[in-house]
Structure formats: C-alpha cells, structure tokens
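Student: Quick one: the structure is below, questions incoming.
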Amino acid sequence: MNYRLARLRVAVLTLSQACIFAGAGRAAELDVISVDSNGRPIPGVQIQLRVCPDTLCSARTGPDGHLQFKDLKPTHYDVVAIKDGFESAERKDLDLTADGPASLELTLVPALSRRESIEVKDSVSPLEQGATSANQLPPQAAKELPGRPATVADALPLVPGVVRAPGGGLTISGSGEHRSALIVNSADVTDPATGQFGLTVPIDSIETINVYQTPFLAEFGRFTGGVVSVETRRGGDKWKWELNDPFPDFRIRSYHLRGLRDATPRLNLEGPLIEGKLYLSEGFDYEVRKTAIYELPFPYNQKKQQGVNSFGQLDWIVSGKQLLTATVHVAPQRLDFVNMDYFNPQPTTPQASTQNYTATVADKLNIGGGLLDNTFSVTRFNARVWGQGQQDFTITPQGNSGSYFAQQNRQANRISWAPTFSSASVKWLGTHNFKAGSYLAHTSDYGQVTDRPINLLDGTGQLFERIDFTGGQPFRMSDTEFAFFGQDHWLLAPRLAVDLGIRADSQELSESLRVAPRAGIAWSPFTKSGTVVRAGVGLFYDRVPLNVYSFNHYPSQVITMFDPTGQAQAGPVVYQNGLGTVDTHFPFVFHEPIAGNFSPRSATGSLQIEQPLSEHVRLRIGYMQSKSDGLIVLNRVAPDPVTGAGANLLTGNGQSRYRQFEVTTRVRWNDKRQLFFSYVGSRARGDLNDFASYLGTFAMPILRNNRFGSLPGDLPNRFLAWGLLQLPWAFRIAPLVEYRSGFPYAVTDAAQNWVGVPYSNRFPNFLSIDARLSKDFKVSPKYSVRFSVSGYNLTGHFNPEAVHGNIADPAYGLFFGQRGRRFTADFDVIF
C-alpha cells in the first residue's frame, strides 16, 4: 500500500443514483461528492446508507465524484464511505427528517496494513491533479510480462508515448531522457551532469508509477519532455519475502552448453521492525546479463552488464500527525562492449563503470489542517569510460575498427531541499486548495575527458579526413538552482475544477530567471454519463545539465583533409569548444548577456476526454501539442579567414515540435485480470544536433552539420496491448503485443555526411507477439514456487535491427539482424 497518506473528503452535494424506500410522508434527499485533500474528485467511492443493523441502500460515486440519493424515507441514517485502499469512514445518526436536501462531510484515510491510522494528509500521488490524468503503470502486472522488467526504466516502454530508441535510451514525448524528470518519492534522482535517468529503482520496490506528459501543476519543473513519478513501497505489519529468478540461465548452441547467458536473482523483503512504529522495505537485485548481437558471429557478439541494484526504505510513524521516511539507493554497475552492433564490433566499443548513490529523508507533518512536507536528497553519479586499446578509431562505410576514441572519468553530485505546504481547504466562491513551496539544490561536476585520433576512410579504404584532439583539461563545475511556486486547485462547482499556478526558477551558471504560468480545467458536462473533459496549457523549462558548462574543457578537434594521393589538402584546422550567447525577447525569460545563458523551454497544450464504457472498461482519447524553443544544440562554425581557427559552439537556438493523438482503453476486473490497449499517432521533428549525443557518457564521434527534420524517436503509429489473465487450473497468461512504424534512419555518404533529408527512411514495420504462461505451486503453507515459460516474437515476423545506410557500402539498403521465435523458462520462490 502506498504510504503517501491523504485526507480524502467525501462532501455530500448533488448526484446520480436513486434508492426508493417505502414509507409515509415526504421524501428526503442526500447529495454526495467525493474529493481529495486538494478538492479534486474521487470516483468509485461506495456510499452505504444504513438503519442499523441493515444496509438499506448502496451506490458508487461517478467519475466526477458525485452521487445523489433521492426518495429516501425521512429518518436517521448511518452513512458509510468505502473504497479499496482506504480506511472506511462513517457518520452516525445523520438526521434526514428536516426539510430540504441534506449534505455531509466525511474523511477517508488511505488504509495501512495495520488498524491504526495517522493524520498525515497528502494526496496519493504527488502529481495527482484535475487538468491531466497520468498514464499509470501497475508494477505488479508489469512484472508478469515476458520481458520481466527489473527496474522502472525497463517497464516504462509499456506506457503510451514512451519508447526505447534503437540506441537503448528512453524517448518520452519524442524527446530524450535528458529533457524529462524522474522523481522518486518527490526527489529528483537524475544525473546532474547529463540529465539521464541512470540505473533506476528495482521494480519490486515500487508501489506506483505515473507518467505525465503534461502535468499542469506549478510544483513540477525542470523538464520539457515529461515527468516520471515513482512512489515506493513501505513495509507492512507482516514479514514478507519474495525471491525471483534464483537460478541462472545457460546458453545452449547446437545442443552444447556454451556458458552463462544471464543470472538475475531478485530479493524483496518487507515488514515491521517495531510494530506500529517502524517499518522496513528492501529490494535487492544482482544482475549478470549477456545480450547477443545477432548480426555478429558467436562468441564475439556478447554485450555484458553486471551490477547490484539495492533500494532500502524505513518508515517511522513519529506520531499521529508526523511521518518520517528515509531511503537509500545503491546501484554500482559494470558495462562491457557498450553499444556494440554490426558496424561497431567488440574492439571498437567502450567499457564503462558507473555508480549511482542516492539518499533521501522526507518529513510530513500535519499543521493546522495542512501538510508541511520537507524532502532532503543527496545524489552522486560516478562514471568511468575507456576503450579497449590504444589504436586510432577508424570509420568506414562498411563498418568501424580500432579502439573507442573517448575516455572520461567524472563525478557529479546534488544536494537538494524541497519544502512544500498544502493548506486546508478554503471556502470562497467554491473550494480552494492552495499549495506553495520551493526547491533549492547545489550541484557539482568534476572530472576529465580525453580523446584519441579518429580516421575517416572512403569505400576504397583511402584516408580522406583525420580528427586529432588537443587540450582536454580537468573541469570542476558547480551550480546553485532555486525555484518557487504557488498553485490553487479551485473547485468552482461540483463538476468543474480549475488548476492555476505559476513557477519561477533559476540556475546560477545560466544567469537566467524563468517564469512559467500554467492553467488547466477539469469538467464533467453530464450528470450520469461519467464523461470527464480535461484541458490545459502551460510553459515548462528544462534544467541545463552541468556537462554543457564543462564543454569548453573538453579536448578541441584538429581536422585535416587529404586528397586521393594521401597529401594534406586542407588543415590542420583547430575547432575550439565554446558556449554561445542567447539573445531572446521571450517575455517570461530574464537573463544576462553572458555565454551559456540558456533557457530551454516548451509551450504545451493538451485536451483529453475520459469515458467509462462499463463498470470494468474505461476509454481515454487525448491530443497534445508541444513547441520547444531555446534548446541546446552543437554547431560547427567555419574557420575565421584571418585566424584560421573554427569553433564547435553550443548554442541555445534549437527547436523541436511534437504532437500526439492517443486512444487508451483499460479493462480491469481485478488485480489478476486486466488488459491495456493503446494507440498513439505522433510526430516528432526538431534540430538533430542535440548536445546530449556529443556530450553524454558515450559520445558520438562525428559532428555533422545541423539539420531540422524527423527526430530519431519519431513513430507515426504505435499500437500496444498487454495485460494479465487468469486461466483455468490456476494458470496465468501475460500477453504483450506491439505493432508500430519502423524507426527512422539516416542515409550517409563516404564522407559520413547526410544524404538527402535525414531520417526520412524507415525500418520495416515492427510486429512482436510475446506471452508468458505461469503457474504457482504451493509446497507448504508458507512457501510457493512459480514456474513460467515465455515466448517471444511468436509469429516470427521479420524485425531487423540493423541496416546498411551508407551509399558507399556495397550492401547499401540491406536490412538484417532478425531475432526469430524463441522461448525461455524461469523459476520464482514466494515466501
């Protein structure tokens, strides 16, 4: 059970269902609306009317939180409010004998795994709001799928609008990870240097995962793509153990054992250290995984990753009005042969060692009917990257050779404090729920990057360009970020709510102040249909990762061009690294005219309609559009005619455009029977030279001229279906079906320049039908074992992973690298 406790009011005002009692005299009426502590509607609350000891009438509030009882016998009733996941609330001896309709106000508290309740009031999710609904991912159902996601990041591609790009990174709303926010228990856990997510929390430790592409609450900032909000599990009153995948899998080829394929044991435990006061939850993963690259010959096609992922949580109930939560996330990892593919075999790939350490302390205190929430967080990301030799990195149209060119050793840190206060409801022209707060963080990044030479050869093996590097000094950057926000959730009428807010944030290094107004509306136009319309518009600003400001300490390129005889015909030309200056007249950005005064921003609007089709089926249709400006891109400046020097310049004039049409249906009977269907039609276009491709942990070797076109994560059509179904004889099946457009790819020439319009060509359409069949066997009253068999690409559809995309390659245009039909078996122990 999620331990973000909330006070949920069930105020009784007007709605939809009738119970008729036989009796004399006039009829009485009772009106109900269910809302949370911020005044937002709570659907599906069961309201029971009792004349002790009998329950005379029972009905549920609609999607807009409303319920109406009519034609009641005038008498005294006990009113009980019930909803799964919450403690029941009761009002005894409600008098309905007076003239006119009656109203009532009750309080629901999220149920704990113990009987006592605590008066810490907060919303169930820190992003729950009226203007937009989240794409919620149930972790327990996701764990049953064939891919067996081990972390939050592994599970995110199950969400509409989130895909995993060919390079392995996540794309949210058409943008890379560095443009989105990852929040765990209200704390930012992204890498301060790169903005990437890193190794995320084990999925066994997760209570809820919410993905918001357009959260119109002012309390959330530092992103332009989307927000991933994660709430972790607390320990319950009884100790519980679970061991998943305890045995390794071995690779068998031609009926012979060929070593270990993977070992991924996962241990989860939770329970009370002091009953009623102190609770522990721990998720621990150990992973050794070898991934085969089908385009390369065995055994030289094995990527390897090995590491530990541990997340521990302590919850201390200080008193009935205070809750203290502490978490520690430790995730060291070793990566071998990163980004290996047909064109980059093992010797050309980098090795890496990364460590992620995060600790948080959150204090929630009820004061005067409001909630004071203080969250302290400390994060450290270490990364070391190196090649496998000292040879020059050589690029040809047919593939690359030599050793990876870039080495780096860095450490990034963040210390942050986020205090917020949510006031009690204020009655004035409706109901107001105010929230205000701030964010203060100190970040640092220090280390060094060194590069080795790169040779570019044409299709005949002739050298035509050489890139040498000079300089590369140690860097030590620090920054201070601060933000302030205020917002109001205003319930104007029982079926109409408005979210209004404004946020201001700043980064010391950028010398800029950014103001972000936001507004949203939630409206239920009809009393009985359950239709809910949501719309919103707002400004969002991205944080600028520290590696942007370290760029002028990176090695400078020295480029020499050669003629067919091998003689230098141009150069050597030095291209020094630098930061550009932005001169913008955007009215909500205030900055000084200094280098690096970047303020990446996005203006986003959305419209959603939600409609329950039955008790078990809910349909959502939505459209969103985002226009991003001020993005940071890397451009090459031609050599100066006088000095002969050029520049690789980071500028803040990049743009991107994203639009998305979404249809999502959820069918849910219970936790063991639920299905999710989604279709997303989207378009993502923008400047291609995004800084993250060149300044990230694994940098690209070639800087091409910037173009505006389809982005690498652009997917015009994607259909996704997955779920969990209970079968006869206690079998369970978890199907996963994905059909989508092929990813775009760019065509290049022998000189590695763009040919035609970049990313206008596509891989064939992708189709994969996977399924996992499982059954639990009880071996004792305390222990169970779970056997399962998973099948992948059951239709054998041709889904190539690579293409010869260089016109100087004799195999130009050939798709290859097919993963055919395959099966695996696994084994879990449940205590």
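Student: Go through region 750-789 and give me each residue that's touching a residue at least 60 places away in the same chain (Cβ under 8 Å) and either on the phi > 0 side of the Ramachandran plot or charged (D, E, K, R) (or both).
Tutor: Hits for region 750-789 are GLN752, TYR759, ASP770, ARG772.
Student: I'd like to know if region 519-537 contains one or more residues that are closer than 17 Å to GLN487 by Cα, out of contact with any Gly (no Cβ under 8 Å at 6 or more places or on another chain), open to solvent by 20 Å² or more (accessible area, probe 1.4 Å) and not in a loop (DSSP other than H, G, I, E, B). If you could, list the steps in order and put the result at the bottom.
Tutor: Applying the first criterion (closer than 17 Å to GLN487 by Cα) to region 519-537 yields 519-522, 535-537.
Subset that is out of contact with any Gly (no Cβ under 8 Å at 6 or more places or on another chain): none.
No - not one qualifying residue is present in region 519-537.
Residues are listed down the side, and each one gets a yes or a no for (1) out of contact with any helix residue (DSSP H, G or I) (no Cβ under 7 Å at 6 or more places or on another chain); (2) among the acidic types (Asp, Glu); (3) under 30 Å from ALA424 (Cα atoms):
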position	(1), (2), (3)
PHE484	yes, no, yes
TRP490	yes, no, yes
SER510	yes, no, no
ASP542	no, yes, no
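Student: Same structure, new question: Looking only at residues in region 352-381 that are closer than 30 Å to ASN339 by Cβ and buried (at least 17 other Cβ atoms within 10 Å of the Cβ), which one is farthest from the chain's Cα centre (by Cα)?
Tutor: Among those residues, the one meeting the criterion is ALA352.
Student: Another one. Considering region 290-335 alone, what residues qualify as being among the hydrophobic types (A, V, I, L, M, F, W, C), open to solvent by less than 20 Å² (accessible area, probe 1.4 Å) and within 25 Å of the chain's Cα centre (by Cα)?
Tutor: If the condition is that a residue be among the hydrophobic types (A, V, I, L, M, F, W, C), open to solvent by less than 20 Å² (accessible area, probe 1.4 Å) and within 25 Å of the chain's Cα centre (by Cα), then PHE311, ALA331 are the ones that fit.
Student: Here's something else I'd like to know. Please go through region 738-791 and pick out each residue that is charged (D, E, K, R) and open to solvent by 50 Å² or more (accessible area, probe 1.4 Å). Spell out the reasoning first.
Tutor: Let us first name the residues in region 738-791 that are charged (D, E, K, R), namely 738, 740, 749, 762, 770, 772, 775-776, 778, 782, 786.
Matches in region 738-791: ARG762, ASP776, LYS778, LYS782.
Student: I'd like to know if region 792-804 contains one or more residues that are among the aromatic types (Phe, Trp, Tyr), under 30 Å from ALA825 (Cβ atoms) and surrounded by fewer than 17 Cβ atoms within 10 Å (Cβ to Cβ). Reasoning before the result, please.
Tutor: The first filter runs over region 792-804 and keeps only residues among the aromatic types (Phe, Trp, Tyr), leaving 792, 798.
Of the ones still in play, those that are also under 30 Å from ALA825 (Cβ atoms) are 792, 798.
Next cut, surrounded by fewer than 17 Cβ atoms within 10 Å (Cβ to Cβ) only: 798.
There is at least one residue in region 792-804 that is among the aromatic types (Phe, Trp, Tyr), under 30 Å from ALA825 (Cβ atoms) and surrounded by fewer than 17 Cβ atoms within 10 Å (Cβ to Cβ).
Student: Would you point out which residue out of ALA504, ALA516 is without any contact (Cβ under 8 Å) to a residue 24 or more places away in the chain and either surrounded by 16 or more Cβ atoms within 10 Å (Cβ to Cβ) or acidic (Asp, Glu) (or both)? Spell out the reasoning first.
Tutor: Details: ALA516 fails: without any contact (Cβ under 8 Å) to a residue 24 or more places away in the chain.
None of the others qualify; the one that does is ALA504.
Student: Mind checking which residues of region 382-406 are under 16 Å from ILE702 (Cα atoms) and either free of Cβ contacts under 8 Å to residues at least 60 places away in the same chain or within 27 Å of the chain's Cα centre (by Cα) (or both)? First the steps, then the outcome.
Tutor: At the first step, the residues of region 382-406 found to be under 16 Å from ILE702 (Cα atoms) are 392-406.
Listed by number, the residues that qualify are GLY399, ASN400, SER401, GLY402, SER403, TYR404.
Student: Filter region 442-488 for residues that are on the phi < 0 side of the Ramachandran plot and out of contact with any Phe, Trp or Tyr (no Cβ under 9 Å at 6 or more places or on another chain) and give the result. Spell out how you get there, then give the answer.
Tutor: Applying the first criterion (on the phi < 0 side of the Ramachandran plot) to region 442-488 yields 442-446, 448-460, 462-470, 473-488.
HIS442, THR443, SER444, GLY459, THR460, ASP468, THR470, THR480, listed by residue number.
Student: I've got another one for you. PRO764 passes all but one of (1) more than 30 Å from GLY813 (Cα to Cα); (2) part of a loop (DSSP other than H, G, I, E, B); which number fails?
Tutor: Tallying (1) more than 30 Å from GLY813 (Cα to Cα); (2) part of a loop (DSSP other than H, G, I, E, B), PRO764 fails exactly one: (1).
Student: Let me ask something else. Can you tell me how many residues within region 420-454 are open to solvent by 20 Å² or more (accessible area, probe 1.4 Å) and either in contact with a helix residue (DSSP H, G or I) (Cβ under 7 Å, 6 or more places away or on another chain) or of a type outside the set (Ser, Thr, Tyr) (or both)?
Tutor: Matching residues across region 420-454 total 16.
Student: Scan region 785-831 for residues that are aromatic (Phe, Trp, Tyr) and not in a strand (DSSP E or B) and jot them down.
Tutor: Residues satisfying the conditions are PHE798, TYR812, PHE831.
Residue-by-condition table, conditions (1) buried (at least 16 other Cβ atoms within 10 Å of the Cβ); (2) within 27 Å of ALA155 (Cα to Cα); (3) touching a residue at least 40 places away in the same chain (Cβ under 8 Å):
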site	(1), (2), (3)
VAL663	no, yes, yes
ARG668	yes, yes, yes
ALA684	yes, yes, yes
ASP687	yes, no, yes
THR697	yes, yes, yes
PRO712	yes, yes, yes
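Student: Does region 604-616 include one or more residues that are among the hydroxyl-bearing types (Ser, Thr, Tyr) and under 30 Å from ARG636 (Cβ atoms)?
Tutor: Looking through region 604-616, none of the residues is among the hydroxyl-bearing types (Ser, Thr, Tyr) and under 30 Å from ARG636 (Cβ atoms).
Student: Filter region 509-531 down to residues that are among the β-branched types (Val, Ile, Thr) and under 27 Å from the mean Cα position of the chain (by Cα), then give me how many there are.
Tutor: Adding up the residues that qualify gives 2.
Student: Let me ask something else about it. If I filter region 587-603 for residues that are assigned to a strand (DSSP E or B), of a type in the set (Ser, Thr, Tyr), at pLDDT 95 or above and over 23 Å from THR194 (Cβ atoms), do I get at least one hit?
Tutor: No: region 587-603 contains no residue that is assigned to a strand (DSSP E or B), of a type in the set (Ser, Thr, Tyr), at pLDDT 95 or above and over 23 Å from THR194 (Cβ atoms).
Student: Considering only residues of region 724-761 that are in a strand (DSSP E or B) and of a type in the set (S, T, N, Q), which is farthest from ARG685 (Cα to Cα)?
Tutor: Top of the filtered list is GLN726.
Student: Are any residues in region 261-276 within 26 Å of LYS238 (Cα to Cα), at pLDDT below 90 and either over 29 Å from the mean Cα position of the chain (by Cα) or small (Gly, Ala, Ser) (or both), and if so, which ones?
Tutor: Listed by number, the residues that qualify are GLU275, GLY276.
Student: When you check ILE609 against the structure, is it more than 30 Å from GLN507 (Cα to Cα) and part of a strand (DSSP E or B), yes or no?
Tutor: Numbers: more than 30 Å from GLN507 (Cα to Cα): yes; part of a strand (DSSP E or B): yes.
Considered against the rule, which asks whether it is more than 30 Å from GLN507 (Cα to Cα) and part of a strand (DSSP E or B), ILE609 comes out as yes.
Student: Criterion first (surrounded by 20 or more Cβ atoms within 10 Å (Cβ to Cβ), of a type in the set (Val, Ile, Thr) and in contact (Cβ under 8 Å) with a residue 24 or more places away in the chain) does THR604 satisfy it?
Tutor: yes
The values are calculated or read from the model by the stated rules, or taken from the named source; none is laboratory data. Just so it is clear, the model here is predicted, and its values are computed rather than measured. Positions of Cβ are generated from backbone atoms using ideal geometry, with glycine treated the same way; all protein chains shown enter the neighbour counts. Accessible surface is based on the protein model in full, side chains and every heavy atom, while ligands, DNA and RNA are left aside. Shrake-Rupley method; radii C 1.70, N 1.55, O 1.52, S 1.80 Å.
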